[in-house]
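The structure appears right after this line, and notes come after that.
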Amino acid sequence: MISSKPARLAIIVSHPIQYHAPLWVVLNEHPELAIRVFYTWDNRDITGFHDHGFQKQIRWDVPLLEGYPWEFVPNVARHPGTHHFRGLINPDLVQRVLAWQPDVVMVNGYMHQSHLLAMWSLAACKMPLLFRGDSHLLSPRVGIKKLLRAWVLRILFRRCQGFLYCGTLNRDYFRSFGVPPERLHFCPHVVDNTRFAADSIVRNQEASAWRLSLGIPPDCRVLLFAGKLQEKKQPMLLLDAFLAADIANTVLLFVGDGELRDALSIRAQSVRNRVYFLPFQNQSGMPLVYRLGDLFVLPSSHDETWGLGVNEAMCCGVPVLLSDQVGCGPDLVEPDVTGWIFPARNKTALVERLRLAMQPQVDLKKMGAAAQQKIQSWNLLQARDGIIQAIQAIPIHALSQRLSNNLLISKKNE
């Protein structure tokens, strides 16, 4: 660390996120760190916020602002939100961050105007920067926008002292931009494993009762899709493949909402005793939801940079079936051990994999136990330690410059 005093880490992130909050808590509890989270969008409202994926108002029912210091930076965007580039515009962001006098600033994501400009400004005043992202190269984009973005990122990445990669594909993405290995630090995408794995026996019993209440026969295996019913996650492909596979003693359960909900319901009308639907379930209920399934399926076609639902399902002792466009696949899926991977958008391959996975001799409970064991090493403390190691790797001379530069920039902004 810099000295005997705790290192001051400012964290720039878009809004309170159910996956991030537990990590901020464990960072705040570390004796060698003092953190402050700067949110660039205050999405709090008595009725929640509109989620464009679920297409409904959402209010998460787990605490997102407890256990760590934070502040909301005013967002002046005409249409605020994280679904488009100009949804986060925060003129006071850099000034507020520097006024706190951090030793290091960690920026989460570059896909919004405010975050990108903040990185340029902070780099210009020699503030040590850590960048945390989860992009990969599985869905390469073409065209002038891609070339322009690649040019900007190469310049910007050269000004970052460290990069926090969440997995193998994300590490390869950073390396493709010329980031040297010594600036890469493993900070896995994680969930609160303890919350999802807790009370396993009771929750398994409750899940069995819930399945019966839905009309699912006790001897049936359940394929589970839980998430946003939107095109990129390919729920219609899953439904069509399931119907084509025609597997005995197997049902398909969709949990969630989104643009394809009505179309899926209409498509499944003729087989209602084999396809079931539950509406959006809030965070506190998800440890029970995953236990409704014998196999969790995420068939996304693109832009699934990680897939934290996979972590959650594995924590609950459920094996997984993923498309090869899901970013966590290479790290979390051991074929025939914790799950399987199939080629994205390939209905034939998905039909065949469903048939093989649902064969009576396949012990999904044993695979679920292996999945649960696998995910234990992907935990909050490992993510926390990755951030600490990244801070420790920043050259002392870079850190020693921060106070004078902070004061200089602050005076300019007065």
The conditions are (1) open to solvent by less than 20 Å² (accessible area, probe 1.4 Å); (2) under 22 Å from Asp61 (Cβ atoms); (3) at pLDDT 95 or above, and Leu308 fails exactly one of them. Which is it? (1)
When you go through Arg195, Arg267 one by one, which is the residue that is more than 27 Å from the chain's Cα centre (by Cα) and of a type in the set (D, E, K, R)? Arg267
Can you name the residue in the stretch 245-262 that is aliphatic (A, V, I, L, M) and surrounded by 14 or more Cβ atoms within 10 Å (Cβ to Cβ) and is also nearest to the chain's Cα centre (by Cα) among such residues? Val255
Those residues of the stretch 329-359 which are among the small types (Gly, Ala, Ser) and farther than 25 Å from Asp134 by Cβ amount to Ala349, Ala357
For the stretch 200-213, indicate whether the set of residues that are of a type in the set (S, T, N, Q), within 21 Å of Asp385 (Cα to Cα) and open to solvent by 20 Å² or more (accessible area, probe 1.4 Å) is non-empty. no
Conditions (1) surrounded by fewer than 16 Cβ atoms within 10 Å (Cβ to Cβ); (2) of a type in the set (A, V, I, L, M); (3) not in a helix (DSSP H, G or I): number failed by Ala150: (3)
For the structure I just gave you, tell me whether Thr338 is surrounded by fewer than 17 Cβ atoms within 10 Å (Cβ to Cβ), at negative phi and polar (S, T, N, Q). no
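Here is a yes/no grid of residues against (1) within 21 Å of Leu9 (Cα to Cα); (2) open to solvent by less than 10 Å² (accessible area, probe 1.4 Å):
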position: Met111; (1), (2): no, no
position: Met119; (1), (2): yes, yes
position: Ala124; (1), (2): yes, no
position: Pro128; (1), (2): yes, yes
position: Gly133; (1), (2): yes, no
Matching residues, the stretch 98-131, being in contact with a Phe, Trp or Tyr (Cβ under 6 Å, 6 or more places away or on another chain) and assigned to a helix (DSSP H, G or I): Gln113, Leu116
Residue hits (the stretch 239-262; closer than 18 Å to Gly293 by Cβ, touching a residue at least 40 places away in the same chain (Cβ under 8 Å) and in contact with a helix residue (DSSP H, G or I) (Cβ under 7 Å, 6 or more places away or on another chain)) are Ala241, Phe242, Ala245, Ile247
Members of the stretch 214-243 that are assigned to a helix (DSSP H, G or I), surrounded by 15 or more Cβ atoms within 10 Å (Cβ to Cβ) and over 26 Å from the mean Cα position of the chain (by Cα): Asp240, Ala241, Phe242, Leu243
Among the numbered criteria (1) modelled with pLDDT of 95 or more; (2) part of a loop (DSSP other than H, G, I, E, B); (3) not aromatic (Phe, Trp, Tyr), which single criterion is violated by Gly81? (1)
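The values are calculated or read from the model by the stated rules, or taken from the named source; none is laboratory data. What you see is a predicted model, and the numbers here were worked out from it, not measured in a lab. Reconstructed Cβ throughout: ideal geometry from the backbone, glycine too, with neighbour counts over all protein chains shown. Keep in mind that these areas ignore ligands, DNA and RNA; they rest on the heavy atoms of the full protein, side chains included. Shrake-Rupley method; radii C 1.70, N 1.55, O 1.52, S 1.80 Å.
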